[in-house]
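Comments concern the structure below.
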4 protein chains.
Amino acid sequence: MQVGVIGAGRCDEATAEKAERVGRLLARRGAVLVCGGMGGVMEAASRGARAEGGIAVGILPGRNPAEGNAHLTVRIATGFGDGRNILIPQSCDGVIAIAGAYGTLSEIAFARKLGIPLVGISTWELDGSFPVTDDPDEAVEILFGRIGG
Amino acid sequence: MQVGVIGAGRCDEATAEKAERVGRLLARRGAVLVCGGMGGVMEAASRGARAEGGIAVGILPGRNPAEGNAHLTVRIATGFGDGRNILIPQSCDGVIAIAGAYGTLSEIAFARKLGIPLVGISTWELDGSFPVTDDPDEAVEILFGRIGG
Amino acid sequence: MQVGVIGAGRCDEATAEKAERVGRLLARRGAVLVCGGMGGVMEAASRGARAEGGIAVGILPGRNPAEGNAHLTVRIATGFGDGRNILIPQSCDGVIAIAGAYGTLSEIAFARKLGIPLVGISTWELDGSFPVTDDPDEAVEILFGRIGG
Amino acid sequence: MQVGVIGAGRCDEATAEKAERVGRLLARRGAVLVCGGMGGVMEAASRGARAEGGIAVGILPGRNPAEGNAHLTVRIATGFGDGRNILIPQSCDGVIAIAGAYGTLSEIAFARKLGIPLVGISTWELDGSFPVTDDPDEAVEILFGRIGG
């Protein structure tokens with residue numbers, strides 16, 4: 001199973017803690033973490049996944065694999081900039097969106113368009129078509145309930 | 001100058017009329033129309049642009065140039081699916097979003113992230129960060145005011 | 001009809017003359033020229049197409065439409081680097097490869113894989129599976145014979 | 001360290017054995033295997049890597065992660081068709097090309113253009129700019145000598 005975690009490349013400490021918690025919970029359930037591979041939410045989630053012995057995959061915006069954060073197991077250098085955003089929901093069984101701005105909004109839009117199960121943590125509420133909570137444990141619980149993991 | 005028109009591949013008659021009007025107005029101002037090349041809003045805008053002697057470019061989701069609507073001057077077969085959505089704002093001086101659903105939302109998100117001038121017609125209001133009107137003439141007027149055309 | 005012209009971003013004067021001649025001949029036949037939009041062969045072919053009143057489309061490697069050469073009618077900023085190379089044969093009815101190095105080789109490989117009619121001018125001979133000449137007029141003649149234009 | 005293995009989606013038994021051997025050798029050296037994720041050479045290399053406890057990443061051409069072969073640890077569904085070919089050399093420290101046809105040729109071209117260390121096994125000889133052998137052990141040895149692994 002692959003689960004995407006999407007969110008901004010910079011975030012405050014409270015958001016990073018939630019992202020790291022999500023990364024840990026995903027790894028404990030045996031899911032591969034797929035993220036954008038950069039800092040902020042992506043880095044915190046990767047750190048959490050690796051701390052539990054999981055695999056963290058970064059789908060990087062640039063052409064240099066070394067630009068990824070230090071916790072990644074796998075670095076895919078796309079060079080597509082934000083165009084790589086579609087690859088995360090498209091490759092995953094479910095997606096968790098944490099806080100974030102317009103980049104995260106584009107990924108939420110793609111997840112909704114592709115019909116990939118999506119749960120938000122303190123993020124865009126949009127049209128009420130997916131659950132949003134501020135508790136990472138609850139978010140992971142809801143997501144796995146939806147994807148049957 | 002290149003202006004993107006984004007919107008869904010199916011739409012009602014009233015929306016199509018607005019899209020066609022936008023296509024006409026863009027061509028009259030000498031702008032190249034860039035769109036997703038398919039039906040609905042994209043087809044109506046392309047038809048309008050061509051009716052005024054303009055150029056209509058379709059950035060298609062599939063790998064077959066023939067899938068584009070009949071009014072395109074240029075067909076780029078990307079094969080990227082909705083991943084091609086970023087190419088439209090990224091290639092344009094400004095973007096007009098007409099109605100639309102999640103695909104259009106992803107393009108709005110990209111336009112906002114990239115800082116490309118954006119005007120909406122009867123579309124996602126989102127966070128109030130860009131003007132939305134229901135009048136195509138006003139939308140084109142506002143957009144050109146922003147991009148200085 | 002859309003015809004791709006592929007070749008390096010820098011070239012000698014003799015190669016540029018051939019590329020410009022190809023651009024002129026394509027425009028005279030009413031074909032849209034699709035190229036990588038940068039300098040060298042791409043710029044010369046674009047200049048030729050525009051000199052005959054044709055349309056020149058640049059599928060740019062970067063994210064800034066302004067990086068394209070001065071003769072383009074349409075600029076698509078992909079941001080995909082050389083990953084954009086597949087878009088040219090994929091979008092075209094036929095392709096002419098002029099001189100070039102590894103980037104051009106990747107496009108020849110894609111044209112062959114996709115089964116797009118291909119003619120070379122002073123380029124990689126490879127496996128003898130497509131005609132190579134050093135005369136631009138002959139190359140265009142052969143190509144249109146193959147694509148039935 | 002990430003090493004790409006490129007080759008066709010169908011291959012004879014002798015080629016599959018070489019690809020599986022390469023996959024095993026890469027995993028023993030602790031490298032992550034990155035490949036196109038489909039059958040033939042890609043499947044055999046993935047099977048070899050997993051048999052040694054390694055990680056096998058598939059950069060898939062389609063939009064459905066399930067299309068990847070059964071041995072993948074990670075599946076990235078790009079939807080880019082052969083356009084995804086650039087992602088493999090671009091993401092890797094080195095690349096081994098095994099047999100293959102035009103798709104493999106495009107990847108060889110990208111590896112050469114990007115300057116990524118490349119070794120061939122029974123593949124396109126091209127311009128003599130990279131070593132080609134028919135022995136998988138020798139190929140891995142040469143590659144790691146070049147990338148310093």
In the range D:62-93, what residues are under 12 Å from the mean Cα position of the chain (by Cα) and either in contact (Cβ under 8 Å) with a residue 40 or more places away in the chain or outside any helix (DSSP H, G or I) (or both)? D:N85, D:I88, D:P89, D:S91, D:C92, D:D93
Is the range D:69-90 home to any residue that is out of contact with any helix residue (DSSP H, G or I) (no Cβ under 9 Å at 6 or more places or on another chain), open to solvent by less than 30 Å² (accessible area, probe 1.4 Å), farther than 14 Å from A:I76 by Cβ and not charged (D, E, K, R)? no
Taking the range A:123-147 and keeping only residues that are in contact with a helix residue (DSSP H, G or I) (Cβ under 9 Å, 6 or more places away or on another chain), surrounded by fewer than 20 Cβ atoms within 10 Å (Cβ to Cβ) and not β-branched (V, I, T), one is left with A:L126, A:D127, A:S129, A:P131, A:D134, A:D135, A:D137, A:E141
Within the range B:11-23, is even one residue closer than 20 Å to B:W124 by Cα, open to solvent by 10 Å² or more (accessible area, probe 1.4 Å) and either assigned to a loop (DSSP other than H, G, I, E, B) or aromatic (F, W, Y) (or both)? yes
The listed residue being of a type outside the set (D, E, K, R), without any contact (Cβ under 8 Å) to a residue 40 or more places away in the chain and not in a helix (DSSP H, G or I), out of C:I96, C:I59: C:I59
Select from the range B:23-55 the residues that are within 22 Å of B:A101 (Cβ to Cβ) and either in contact (Cβ under 8 Å) with a residue 40 or more places away in the chain or of a type in the set (A, V, I, L, M) (or both) and list them in ascending order. B:L33, B:V34, B:C35, B:G36, B:M38, B:V41, B:M42, B:A44, B:A45
Of the residues in the range D:102-122, those that are at the interface with chain C (Cβ under 9 Å from one of its Cβ atoms) and open to solvent by less than 50 Å² (accessible area, probe 1.4 Å) come to D:Y102, D:G103, D:T104, D:L105, D:S106, D:E107, D:I108, D:A109, D:F110, D:A111
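Conditions tested, residue by residue: (1) more than 22 Å from A:R28 (Cβ to Cβ); (2) small (G, A, S).
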| position | (1), (2) |
| --- | --- |
| A:G54 | no, yes |
| A:L72 | no, no |
| A:I86 | yes, no |
| A:R112 | yes, no |
Please go through the range D:100-121 and pick out each residue that is modelled with pLDDT of 95 or more and outside any helix (DSSP H, G or I). D:G115, D:I116, D:P117, D:L118, D:V119, D:G120, D:I121
Scan the range D:41-59 and tell me whether some residue there is within 14 Å of chain C (Cβ to nearest Cβ) and either closer than 21 Å to D:L143 by Cα or not hydrophobic (A, V, I, L, M, F, W, C) (or both). no
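The values are calculated or read from the model by the stated rules, or taken from the named source; none is laboratory data. Note that the coordinates shown come from a computational prediction; the quantities given were computed from them, not determined experimentally. A quick note on method: Cβ atoms are made from the backbone with ideal geometry, for glycine too, and the neighbour counts reach across all protein chains shown. Keep in mind that these areas ignore ligands, DNA and RNA; they rest on the heavy atoms of the full protein, side chains included. Shrake-Rupley method; radii C 1.70, N 1.55, O 1.52, S 1.80 Å.
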